[in-house]
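Asks: Pasting a structure below so you can have a look.
The values are calculated or read from the model by the stated rules, or taken from the named source; none is laboratory data. What you see is a predicted model, and the numbers here were worked out from it, not measured in a lab. Because the Cβ atoms are built from the backbone with ideal geometry, glycine has one as well, and the counts that use them run over all protein chains shown.
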């Protein structure tokens, strides 16, 4: 392979792209994820109405079934409306934005925390390593959803009541982020322990670089590919965790509904026959979680041929 | 060997103390016990008196020891809402959660093993493929969504089963059971499936993988050569040898069944400790949260300890590696 070729050219000839094209399931999941992300990012432009704007709601439009004109106002909604006459399609698009935002930032938080702790544990060794890894051992004894609930509950207790709804999203991100750092730390620690014995690290140490610089500039780039795999799989977990917490009523507040909150609202109307309020948000969540999961599985197989 | 067991025990006790410390810190600092007991209009003198009476001026380690001692006597203080003793609330609701966990674990075990054996024996059949691919979707579905979809199908559309609550219960001593009434059993079906589905797919995949591995081995071929009927080969020889890893995984999963019971209980409004915990988080009822943490923490530590000790007893290789690490 000649070094002169452009980055794009190299990408076009890579095994990575070849493998990607050969797996139709992966291509479909990738397209779904990209579409959902675009929808979430451009929610203001794409959504027919703004579901947070109370002025645009018309109570007469409540409980309109999908694709049928409302009996009073004659308006038609693609996916119907909820009890307050809110257009469900818009609510889902904006809910998708909340779900993806919480999921992505929580994963970034978990990644930064886990990778730093893993680097330090692997590079320093000794009692620092024991301390960090023991903490990780204790934390994985408990399911992460339980830990997230607990952190959420403690944070609610510490915050004054009027700030609880305002800061709910931030608290949610911290709770999920803190509950998912262990896999990152374990993997990075393992790779770091291998990498730090290699010659390039010894050379860097010989020319007098500080350990911080060696960790970040020299070791970190070499431990990143497993981190990418874990991040994708954790993203699916974080999205599901967020939806679960919001569904249970201890997550996103009703003023900023995520997909989980929408499903919670929809459950109330299941018995009176308004199935669309529940099923459309549920289907969106399922499509998102399943596609991210499949992408993660595929990435793991590609970047880690040994695990195949 | 004794040394390893003692060390493992010591580790568990340490984790228990850590869990107790976290719940103590929550109890003591997150919620303000004085404000919650007295309300806003109390005078300074009343506050001082209560602080003294509760021992909140004592040194921290004395307070911590007091907290642990009281917890060991099953005294977790009173709930902020309703001022009921937390211990009573837990005792009242524990049977509901334990029955649900037990039934769903049995469901997962029974159907997981049956489906696993079936898909291993007919591994190229159409229905085996169908079961395997459906299980993949089942794993990706969040628990609460499974519950909601089951309610939609079986309670709303078909109207076969109740969608919430425990049905009628029968009181046996302090234990209230819903397993002895028809409405109780009917109410159990959907929550038990919701809670056990994930474990079932896990056990099914494990049994299938282990069976495929074992069916290739010589003693199976020998058993067939002896002219034993297929039924005996599959169940007497092959399945028996898959059970050790299956039981370990099932044991480890007991802990997560308790954790996921929180979700299932909320979906079905099942009056157990999980629903109590979620309500406590929602209303910031700190004593209930802290007691729940202590209870579930202890449960997890004990389960892990038992599994680890069983490993030591069963597998000599683990024992040896531990001994080696000790000598270096």
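Asks: In region A:249-259, how many are touching a residue at least 24 places away in the same chain (Cβ under 8 Å) and either facing chain B (nearest Cβ under 9 Å) or closer than 21 Å to residue A:183 by Cα (or both)? Please lay out each step first, then the result.
Replies: Going through region A:249-259, the residues touching a residue at least 24 places away in the same chain (Cβ under 8 Å) turn out to be A:250-253, A:255-259.
In the following step, the residues that additionally are either facing chain B (nearest Cβ under 9 Å) or closer than 21 Å to residue A:183 by Cα (or both) were identified as A:250.
Going through region A:249-259 one residue at a time, the tally reaches 1.
Asks: While we're on this one: Inside region B:1-95, counting only helices (runs of 4 or more DSSP H) that do not spill past its ends, which hold 1 or more residues that are modelled with pLDDT of 80 or more, more than 14 Å from chain A (Cβ to nearest Cβ) and farther than 30 Å from residue B:309 by Cα?
Replies: Details: elements: B:2-25, B:33-38, B:44-54, B:60-72.
By residue number, B:60-72.
Asks: Okay, moving on. What tally of residues in region A:140-181 results from selecting those that are under 22 Å from residue B:297 (Cβ atoms), away from every other protein chain (no Cβ under 13 Å) and surrounded by fewer than 23 Cβ atoms within 10 Å (Cβ to Cβ)?
Replies: Final tally of qualifying residues: 2.
Asks: Now for a different question. Quick check on region B:117-141: of everything there that is closer than 19 Å to residue B:190 by Cα and buried (at least 18 other Cβ atoms within 10 Å of the Cβ), which residue is nearest to the other protein chains (Cβ to nearest Cβ)?
Replies: Filtering first and then ranking leaves B:141.
Asks: Moving on. So residue A:226 passes all but one of these: (1) closer than 30 Å to residue A:24 by Cβ; (2) within 14 Å of another protein chain (Cβ to nearest Cβ). Which condition number does it fail?
Replies: Here residue A:226 meets the rest and fails (2).
Asks: Still on this structure, please answer the following. Counting only residues that are touching a residue at least 12 places away in the same chain (Cβ under 8 Å) and within 19 Å of the chain's Cα centre (by Cα), give me the helices (runs of 4 or more DSSP H) lying completely in region B:122-236 with at least 1 of them. Full working, then the answer.
Replies: Values: elements: B:126-140, B:143-150, B:182-215, B:218-225.
Once the helices (runs of 4 or more DSSP H) in region B:122-236 are filtered for at least 1 residues that are touching a residue at least 12 places away in the same chain (Cβ under 8 Å) and within 19 Å of the chain's Cα centre (by Cα), what remains is B:126-140, B:143-150, B:182-215.
Asks: Let me ask another. Please find, among B:294, B:228, B:212, B:254, the residue that is within 14 Å of chain A (Cβ to nearest Cβ) and modelled with pLDDT of 80 or more. Quick ask: steps written out before the conclusion?
Replies: Values: B:228 fails: within 14 Å of chain A (Cβ to nearest Cβ); B:212 fails: within 14 Å of chain A (Cβ to nearest Cβ); B:254 fails: modelled with pLDDT of 80 or more.
Sole residue among the options that is within 14 Å of chain A (Cβ to nearest Cβ) and modelled with pLDDT of 80 or more: B:294.
Asks: Can we say residue A:234 is within 13 Å of the chain's Cα centre (by Cα) and more than 14 Å from chain B (Cβ to nearest Cβ)?
Replies: Details: within 13 Å of the chain's Cα centre (by Cα): yes; more than 14 Å from chain B (Cβ to nearest Cβ): yes.
It is true that residue A:234 is within 13 Å of the chain's Cα centre (by Cα) and more than 14 Å from chain B (Cβ to nearest Cβ).
Asks: Answer yes or no as to whether residue B:203 is within 14 Å of chain A (Cβ to nearest Cβ) and surrounded by 14 or more Cβ atoms within 10 Å (Cβ to Cβ). Even if it seems obvious, please write down each step before you answer.
Replies: Values: within 14 Å of chain A (Cβ to nearest Cβ): no; surrounded by 14 or more Cβ atoms within 10 Å (Cβ to Cβ): yes.
No: the conditions fail for residue B:203.
Asks: For the subset of region A:265-288 comprising residues that are crowded, with 22+ Cβ neighbours inside 10 Å and facing chain B (nearest Cβ under 9 Å), which member is farthest from residue A:68 (Cα to Cα)?
Replies: Among those residues, the one meeting the criterion is A:285.
Asks: Which one of the conditions (1) surrounded by 21 or more Cβ atoms within 10 Å (Cβ to Cβ); (2) under 19 Å from the mean Cα position of the chain (by Cα); (3) at pLDDT below 85 does residue A:256 fail to meet, given that it meets all the rest?
Replies: Failing condition for residue A:256: (1).
Asks: Tell me yes or no: at least one residue of region A:192-201 is part of a helix (DSSP H, G or I), within 14 Å of chain B (Cβ to nearest Cβ), touching a helix residue (DSSP H, G or I) at 6+ places or on another chain (Cβ under 6 Å) and buried (at least 22 other Cβ atoms within 10 Å of the Cβ). Spell out how you get there, then give the answer.
Replies: Just the residues of region A:192-201 that are part of a helix (DSSP H, G or I), to begin with: A:192-195, A:199-201.
Add one more test, that the residue is within 14 Å of chain B (Cβ to nearest Cβ), and what stays is none.
No, because not a single residue in region A:192-201 is part of a helix (DSSP H, G or I), within 14 Å of chain B (Cβ to nearest Cβ), touching a helix residue (DSSP H, G or I) at 6+ places or on another chain (Cβ under 6 Å) and buried (at least 22 other Cβ atoms within 10 Å of the Cβ).
Asks: Now for a different question. Please verify whether residue A:224 is surrounded by fewer than 20 Cβ atoms within 10 Å (Cβ to Cβ) and outside any helix (DSSP H, G or I), treating the condition exactly as stated. Reasoning before the result, please.
Replies: Numbers: surrounded by fewer than 20 Cβ atoms within 10 Å (Cβ to Cβ): yes; outside any helix (DSSP H, G or I): no.
Judged against the criteria, residue A:224 is not a match.
Asks: Here's a follow-up. For residue B:114, all conditions in the list (1) more than 13 Å from chain A (Cβ to nearest Cβ); (2) in contact with a helix residue (DSSP H, G or I) (Cβ under 7 Å, 6 or more places away or on another chain); (3) more than 16 Å from residue B:198 (Cβ to Cβ); (4) part of a helix (DSSP H, G or I) hold save one; what is the number of the exception?
Replies: Going through (1) more than 13 Å from chain A (Cβ to nearest Cβ); (2) in contact with a helix residue (DSSP H, G or I) (Cβ under 7 Å, 6 or more places away or on another chain); (3) more than 16 Å from residue B:198 (Cβ to Cβ); (4) part of a helix (DSSP H, G or I) one by one, residue B:114 breaks only (2).
Asks: While we're on this one: Taking region B:265-286 as the region of interest, how many residues are assigned to a helix (DSSP H, G or I), more than 12 Å from the chain's Cα centre (by Cα), more than 9 Å from every other protein chain (Cβ to nearest Cβ) and surrounded by 24 or more Cβ atoms within 10 Å (Cβ to Cβ)?
Replies: 2
Asks: Quick check, is residue A:262 more than 10 Å from every other protein chain (Cβ to nearest Cβ), buried (at least 24 other Cβ atoms within 10 Å of the Cβ) and within 15 Å of residue B:144 (Cβ to Cβ)?
Replies: Working: more than 10 Å from every other protein chain (Cβ to nearest Cβ): yes; buried (at least 24 other Cβ atoms within 10 Å of the Cβ): yes; within 15 Å of residue B:144 (Cβ to Cβ): yes.
Answer is yes for this residue.
Asks: At pLDDT below 85, over 30 Å from residue A:279 (Cβ atoms) and in contact with a helix residue (DSSP H, G or I) (Cβ under 9 Å, 6 or more places away or on another chain): does that describe residue B:222? Please lay out each step first, then the result.
Replies: Numbers: at pLDDT below 85: yes; over 30 Å from residue A:279 (Cβ atoms): yes; in contact with a helix residue (DSSP H, G or I) (Cβ under 9 Å, 6 or more places away or on another chain): no.
The answer is no for residue B:222.
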